Amino acid sequence: MRLSVLALVLLPVLAGACSPPDDDVATVTGSTAAPPAAGSGQMDPGSDPALGAAIAQALGDSAENTRLVVRFAPGQTPPLALVYLVGSDWCGSGGCNLLILRQTTNGWAEVGNVARSGAPVRVLATSTNGLPDLGVLVSGGGGPPAYEAKLAFDGQSYPRFPPDEALVGAQGTVVITDADIAAPAE
């Protein structure tokens, strides 16, 4: 019952977060309690209840206190959704969680939930085991100075935590920025 209630709460927020538009980048931001305001400048790429249900399942009881930024990796078939989770259950001094979902014939499957991820989030020009490599900023948490880390798909999932090695000189496309993550104006 609780999961179906969460799905109903999330569906208006994610109503547009299914298929990427022609430019392959889609965004849904806002509280899970209400859909983005009309005319807020956010793209409406279509509707996919299965994506909303997959995100609701990953959020569990934390849905009420989570803001989302949903983007799609450019040029991916099937689509790969990058969901940046913002809230006290998902963020710490080292960053927030990046949920990664891949569309399958049965809906959407989680292929990663990477902790300590910061913006910018990039889709790199390289791939590993059929999925694109991702770049995330790693900082805070008492660790080394900020650096970009490469997240590579191991055939089953992306790593739970970014690696300690800095990524240098990789080509890629920024899909999530600090401005995307910023709290909405009250």
Checklist entry - Distance from the Cα centre of the range 133-153 to that of the range 58-81, in angstrom? => result 19 Å
Checklist entry - residue 51 accessible area, nearest 10 Å², 1.4 Å probe? => result 0 Å²
Checklist entry - Taking 1 over the mean of 1/r across every pair of different Cα atoms in the range 99-186, what Kirkwood radius in Å do you get? => result 13.9 Å
Checklist entry - Could you give the dipole magnitude of the range 98-186 about its Cα centre, charging the beta-carbon of Lys and Arg +1 and that of Asp and Glu -1, in debye to the nearest 20? => result 160 debye
Checklist outcome for this item: Ignoring ligands and nucleic acids, residue 136 exposes an accessible area, probe 1.4 Å, in Å² to the nearest 10, of 0 Å²
Next on the checklist: Using protein chains only and a probe of 1.4 angstrom, how many square angstrom of residue 86 are accessible, to the nearest 10?
Outcome noted: 20 Å²
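The values are calculated or read from the model by the stated rules, or taken from the named source; none is laboratory data. Note that this is a predicted model, so its numbers are computed, not measured. As a convention, Cβ positions derive from the backbone with ideal geometry for all residues, glycine included, and neighbour counts pool all protein chains shown. Side chains included, ligands, DNA and RNA excluded: accessible areas come from the protein's heavy atoms. Shrake-Rupley method; radii C 1.70, N 1.55, O 1.52, S 1.80 Å.
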